[in-house]
1. Output the antiparallel fraction of DSSP beta bridges having both residues in the protein assembly as shown, as a percent to the nearest 5.
2. When DSSP beta bridges are limited to those with both residues in chain B, what percentage is antiparallel, rounded to the nearest 5?
3. Which far-off residues, 5 or more places away or on another chain, put their amide H under 5 Å from the one on A:S236, with H placed in the peptide plane?
4. So between B:D199 and B:D388, what do we pick up on full extension, going 0.36 nm a residue minus the alpha carbon distance?
5. For segment B:392-528, with equal point scatterers placed on the C-alpha atoms only and solvent neglected, what are the log10 I(q)/I(0) values from the Debye formula at q = 0.09 1/Å, to two decimals?
6. For A:K30, which lysines qualify as cross-link partners when the Cα separation must be under 18 Å and same-chain residues fewer than eight apart are set aside?
7. Quick one: how many Å² of A:E63 are accessible to a 1.4 Å probe, rounded to 10?
8. At 1.4 Å probe radius, can you tell me the per residue accessible area of the protein assembly as shown in Å²?
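The values are calculated or read from the model by the stated rules, or taken from the named source; none is laboratory data. All values derive from a computational prediction rather than experimental measurement. So basically every Cβ, Gly included, is an ideal-geometry build from the backbone, and we count neighbours across all protein chains shown. When the accessible area is computed, the model is the full protein with side chains, heavy atoms only, and any ligands, DNA or RNA have been set aside. Shrake-Rupley method; radii C 1.70, N 1.55, O 1.52, S 1.80 Å.
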Protein chains: 2
Amino acid sequence: MTAHVSKDDDSLFASFLTKETFEGYEDPEKFKQYIPKIEQYKKALEEGILDEYKVEFPKPIEELVEEQLDAVDYLYKHKLLTPEEFEITDSPATEIVRNIGDGKWTAVQVFKAFAHRGTIAHQFTNCAHQLFVDEGLKHAQKLDDYQKQNGKLIGPLHGVPISLKEQSGYKGKITHAGYVGLIDNIPAKHAVTTQILSDLGAVFYIRTTQPQTLMHLCSGNNFSEKTKCPFNIALSSGGSSSGEGAVVAFGGSAIGIGSDIGGSVRAPAAYSGCHGLRPTTRRLSLLGGVSSGAGQESVPAVYGPLTRTISDIEYMMKTYINNGHPWDYDAWSLYMPWRDVPKPQAKDLTIAVIRDDGLVRPSPPIRRGIDTVAKKLKEAGVKIIELDPPNTKLAYETINKMYNCDGNEKQRELLAKSGEPLQRLTKWNLNYGDGARNYTIQENRKLNVIRDALRNEYNDLMVEKKIDFILSPAYNNVAPRPGEVYNWSYTALFNILDFPTLAFQTGLKQDPEIDVWTDEDKSYKFRSKLEELENSNYKPEEFKHAPIGLQLSGRRYRDEEVVAAGKLIVDDILKVNLLN
Amino acid sequence: MTAHVSKDDDSLFASFLTKETFEGYEDPEKFKQYIPKIEQYKKALEEGILDEYKVEFPKPIEELVEEQLDAVDYLYKHKLLTPEEFEITDSPATEIVRNIGDGKWTAVQVFKAFAHRGTIAHQFTNCAHQLFVDEGLKHAQKLDDYQKQNGKLIGPLHGVPISLKEQSGYKGKITHAGYVGLIDNIPAKHAVTTQILSDLGAVFYIRTTQPQTLMHLCSGNNFSEKTKCPFNIALSSGGSSSGEGAVVAFGGSAIGIGSDIGGSVRAPAAYSGCHGLRPTTRRLSLLGGVSSGAGQESVPAVYGPLTRTISDIEYMMKTYINNGHPWDYDAWSLYMPWRDVPKPQAKDLTIAVIRDDGLVRPSPPIRRGIDTVAKKLKEAGVKIIELDPPNTKLAYETINKMYNCDGNEKQRELLAKSGEPLQRLTKWNLNYGDGARNYTIQENRKLNVIRDALRNEYNDLMVEKKIDFILSPAYNNVAPRPGEVYNWSYTALFNILDFPTLAFQTGLKQDPEIDVWTDEDKSYKFRSKLEELENSNYKPEEFKHAPIGLQLSGRRYRDEEVVAAGKLIVDDILKVNLLN
């Protein structure tokens, strides 16, 4: 495409090698010592693929990538599962628990079906860092035994296979969070969230991929190949909960647990083809997770669920909070039970629509997505308000400064430990904000003051205009090509605001015939280099079948309302069904 | 007293002039320009004392101080109010609202009684920075008009006179927060909390004293004389909500609003002779308050009520939160309604007692207080556990570092603005932690990690031992002499833990005959210079009638449970009645 570049504004463009010299990171000699450990780690993953779950590709995987294979379509067309396995893995978690409770299925039966489907997902998408089907199977058997002996389920997630982002500490297993230097880190106990889910009856067998530093909305690390979108394996599954997006969208786990500090649950959900909730901070426990962010509270990360039904998000949040009592294990967990909020009626809702955040213009499929959804909501009786969101540039600049305001001290320490090669997008994110410059405490506090002013500005806006929710793109594009996602502005806005935000599927997929740049687009004058870079990456023919996902945000601590509205919108108005 | 000093440990002793050189603070030349403004400010206060509310002292105030006058006793003995004024001002807020609603009293009548009593309080204790009785009276009249016209009250605090700590922003009035340099700061609107209380029907007429920097558990600033304990005007009212402690304990307002980052609600409540709640962070809004702490989130301050009945604390918290909806005005306010928690039964409670925090040994009256209360609780059926609280030194050192980890940059800026003389206790607190050394962002984050580990250690302890509440001294002594409070460890522990904590009156007062150091005490080997300094300051004959207050703490976000248990303990078990 041809376009004019404005040279006025490149402040959002984290150009490589400007604010970071990357001195003190890479060390090829040191890294050599880690190579055998990485090989061993990879071998363990390879061995985790049970023979009976191996897929025979019709041609080399590179060619399937070249063809933009829809792996989900392939799964059904080539009947890679038995009808029973399809029935089980295409059931929502709520139904799985009910069916186990009723004796229709055993936990073992359910487990095997998901382990099979998830292992297939991995072979197409590289979604796993670790597979431990044997362990999971033993646990499922124990649950069946428990049920037989006690005549009841062990908890509200009895027998539900849940996938876990690798950075969540796992007892007795390497937990590296994308850093080679942490390959010897083996936690003595589960992270709080892992333990709570286990106590409620969940079964684990897969820990999923994430990028180096956890700070790409993509995958890419020194442990594994990049993770792919299951609906088009030439595209990225997103990140940083890269493997969660892929495995959940493919149907390899009933619920996935990701984490989100700038879009890391929502990007993989939106790109990969499932739903994902970024809850308000401190509702799910982060304790026992590994990252560079310990003690950083300007923009805390959150854990959040990825699923194929909105009801499963609700079920997970409710049981985790109300039955799991995270406040008994983590003093940071809000003592705030999950409230039963009825599904609202369309006519009672006011939704503000952001079509463009003023920073990076959405690509044609995203525009079609938002137009279609806004139109359907309006037809259903929702009051739609157009919203030109205030101060998005300030918000994005501020959060980028927050990420790196320690002068990348912690990232440098973690990366330098092994001297591992830096991924391209690692260099991109290390250049955020002021890169290697260490802020003073007062400078950091001033960022917090700006953040709070933004939060109050948006809160006031919602209160004064009686806006219930905000509908927006989850990214300015559908799933990007692997390694090519530069702009976080659409997701990160809701991290700095701390608005609970649901990334949801519209049911629409990219269509190379329809979703093209118009003539008007071609004479568009870019507002920044970042916008030019992002828009230039969208070439309609390269994004076949990419899912079109959007975001729904509500006021702080209104997670319940967001999810309830999500059910209305996704289930009733858009009639999306991700369970084939 | 004679005692042996251990030289092993003076790490808690913020000795003057060691970590801070105080360069760049004081500037006598610059300060000269502010003197006329201070004089004008003082004059306005003087003029705020209505002629009809003036007290004729029987002898010069210095002599009354010398005699350790009990001003509350004097108020009753010399009948400084009419019987009706006594009746009104000795009623709880709940009853005041009911009586106005029933037409027994008017808002004007109630207001005049409190304004009278509060103005007397000021003359004995120096509790006011500003008095504006005329304005309050007009507001009360408007409330009466509203009631007449609408046949109902304007809100659940209709006609309740509420005193406000000066640092809470007040529309159109100087808000200096104890800094001379801010004497020209006149907010364009009320702080959120002030506005919410006003909307609910509260009437204001007094803004109360606080120390320079807000960081003394005492008073002392360049605007006014030190504030005194109403039960012994030779002693300090505490701080930093110095005036709130004095005016509420004296009965000059039905409810007072203070703020607390290390004990600043609880110290003045305990020392002055009333109750005070330090709620969990983010339940009451801080927005629009002035301090050096903008953007500081390692140990956020909180607002909290001071009252003479525990039920009034409950009523204020409940109406403020459930009727005031702070989340509509401040995005930091937790969307956490005040829960109705029934008063517990003694036999169902387990209370852990801290008799000594391992840092500074309590003085004899405090020991008597805690022994008496623990004994009465046990007799009432409460299960009492002795608690040697873990890691109190680490907790205290960490919070002290948090206060000053910006190298005092903000304090220096605010103080240097006027070049005002530094108070002695200002120098003390500027030496906390590492004084003038600016921490790096990572160093600050490491403090947060220590804090979170402490929170989890105490949370685990409460969960594992099934401890409902912790009973502890609010300070190692009763009200100190003005300017002589050095140790915050008993209160600050619950700031770093973020445990909701109620400072309450035991009904006991210091008795110079009983509360003496024993022979055993006299051969005690001090654990630190801080302990020696604090203990040396207790001379039985100097603390006549000083109220004996203690603290009750619960787990984070269990404010409701703490207050409900407070009602059981204070009203039913100890049978304390501060409304004569």
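1. Working: 54 of 82 bridges.
Of the beta bridges lying entirely in the protein assembly as shown, close to 65 percent run antiparallel.
2. Values: 27 of 41 bridges.
Around 65 percent of the beta bridges assigned by DSSP in chain B are antiparallel ones.
3. Here the answer is A:C229, A:R481, since their amide H atoms fall under 5 Å of that of A:S236.
4. Working: separation 189, 0.36 × 189 = 68.04 nm, distance 4.49 nm.
Roughly 63.6 nm would be gained on extension.
5. With one equal scatterer per Cα and no solvent, log10 I(q)/I(0) is -0.40.
6. Correct list for A:K30: A:K417.
7. Rounded to the nearest 10, that gives 90 Å².
8. Details: 39710 Å² over 1160 residues.
Ligands and nucleic acids excluded, the figure is 34 Å² per residue.
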